[in-house]
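Structure record follows, encoded as structure tokens.
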Amino acid sequence: MGLKALPEVPEGTPREADEGKLRPRGLGGGGERYWVRAPQRQRAPEVVPCLAREEGKHHPGPSAMQLLWLLASLLALSQALPFEQRGFWDFTLDDGPLMMNDEEASGAGSTSGVPDPDSVTPTYSAMCPFGCHCHLRVVQCSDLGLKSVPREVSPDTTLLDLQSNHISELRKDDFKGLQHLYALVLVNNKISKIHEKAFSPLRRLQKLYISKNQLVEIPPNLPSSLVELRIHDNRIRKVPKGVFSGLRNMNCIEMGGNPLENSGFEPGAFDGLKLNYLRISEAKLTGIPKDLPETLNELHLDHNKIQAIELEDLLRYSKLYRLGLGHNQIRMIENGSLSFLPTLRELHLDNNKLSRVPSGLPDLKLLQVVYLHSNNITKVGVNDFCPMGFGVKRAYYNGISLFNNPVPYWEVQPATFRCVTDRLAIQFGNYKK
């Protein structure tokens, strides 16, 4: 008898050779590839075919045991469920699918078991705005020329990326139903107007990135769940009192690149906030703003027009461990000003107009990095950095930059840097008039 051609397997049906193997699911946010195992069909036990009969030969009938086994096999086959092919989006990141990098997927690493598909919560993957990419509760709609927030965004979306579009307004119902949204990215649009209730549905929003727009004020009624606000490079000139009220979870605000002056901060503007990080760089500040949150660990005021540090300027910031004041016009730091910063570890005073090393550095027992390059410093004393005596400083310096200053570095005594971990941590020379 001639051999019959095997029937073609329809597209999308897992073949036997592919079952249990890893299949690519798509790319993650960082370009890594996610993999899952192909689902296995439920198979009925194999039925051994009857032996081919050769002409002219007698073949004995099947035994009672073979008939019993055959009957049991047919019964199992009749009760087997049909194969159900799962959709591409049936698995979600938060529900724990098997994720592997390319090296592991190639077989170089070990693999773990495949999760039970029936235990995975399905997503609303069918809802994806036209032109956007939707994957694992992430909806990416950047660089599409959108003029408004798209509709049909899945209710279980946790990250919505709308950056680099032409959106000019956020309306009342733009985010309706997105109560699970964790991060909203609106960077580099043309937003100038935000409805007072635009963010009301976003009860779980923690990260709001709305930089590089045309806002003239901080949006009202921000979600109380917000942890991080990035609103730099807008047109904000005023921070009114109460604009951050109720934001008890907020710990990071980036608001540089706005034309903010010292007079633009109303008294009590930051009341109630427990920030760890605040950046107001590239603004129009002439001094350190008053009444900033006393919980701050990092304060960055670089690229402003600050001219001096007075005694009371740093009085309330005893928890600072990083202070950025580079690229200003600072000529004077009043004696004792730095004594209010006992936990300071990093101090940036580069690109200013200082004529000497600030006093009080030896008393900062935890200070490890000092940037003083590109100033007008002409002399470095033997006790400018290190305290007198041994065992006083708790952490040695691992970085002191003094280059691009008119100081004759060959006159600096070696004992000046007795509390530095390595001489390579000191940067001198390269002064240009």
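The values are calculated or read from the model by the stated rules, or taken from the named source; none is laboratory data. Given the structure is predicted, the values throughout are model-derived calculations rather than measurements. Here the Cβ positions follow ideal geometry from the backbone for every residue, glycine too, while neighbour counts run over all protein chains shown. Surface areas here come from the heavy atoms of the whole protein model, side chains and all, with no ligands, DNA or RNA. Shrake-Rupley method; radii C 1.70, N 1.55, O 1.52, S 1.80 Å.
Going residue by residue through segment 306-313, is there one that turns out to be aliphatic (A, V, I, L, M), in contact with a strand residue (DSSP E or B) (Cβ under 8 Å, 6 or more places away or on another chain), modelled with pLDDT of 95 or more and open to solvent by 10 Å² or more (accessible area, probe 1.4 Å)? The answer is yes; a qualifying residue exists. Considering (1) open to solvent by less than 50 Å² (accessible area, probe 1.4 Å); (2) of a type outside the set (Phe, Trp, Tyr); (3) more than 21 Å from the chain's Cα centre (by Cα), the lone condition that Leu296 does not fulfil carries the number (3). The set of residues in segment 350-375 being at pLDDT 95 or above and acidic (Asp, Glu) consists of Asp350 alone.
Restricting Val412, Val370, Val407 to those that are in contact with a helix residue (DSSP H, G or I) (Cβ under 8 Å, 6 or more places away or on another chain) and of a type in the set (Val, Ile, Thr) reduces the list to Val370. All conditions in (1) surrounded by 17 or more Cβ atoms within 10 Å (Cβ to Cβ); (2) farther than 26 Å from Val392 by Cβ hold for Ile333, with the sole exception of (2). Using the structure shown, decide if Val382 is loosely packed, with under 14 Cβ neighbours inside 10 Å, touching a residue at least 24 places away in the same chain (Cβ under 8 Å) and either closer than 28 Å to Leu424 by Cβ or touching an Asp or Glu at 6+ places or on another chain (Cβ under 7 Å) (or both). No, not satisfied.
The sole residue among Val153, Val139 that is more than 30 Å from Pro267 (Cα to Cα), of a type in the set (A, V, I, L, M) and at pLDDT below 95 is Val153. Selection over segment 396-433 of residues that are of a type in the set (S, T, N, Q), more than 13 Å from Gln368 (Cβ to Cβ) and either open to solvent by 30 Å² or more (accessible area, probe 1.4 Å) or modelled with pLDDT under 90 (or both) gives a count of 4.
Quick grid of which residues meet (1) part of a loop (DSSP other than H, G, I, E, B); (2) of a type in the set (Lys, Arg):
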site: Leu299; (1), (2): no, no
site: Lys305; (1), (2): yes, yes
site: Asp313; (1), (2): no, no
site: Tyr317; (1), (2): yes, no
site: Leu320; (1), (2): yes, no
site: Leu323; (1), (2): no, no
site: His327; (1), (2): yes, no
site: Asn335; (1), (2): yes, no
site: Leu338; (1), (2): no, no
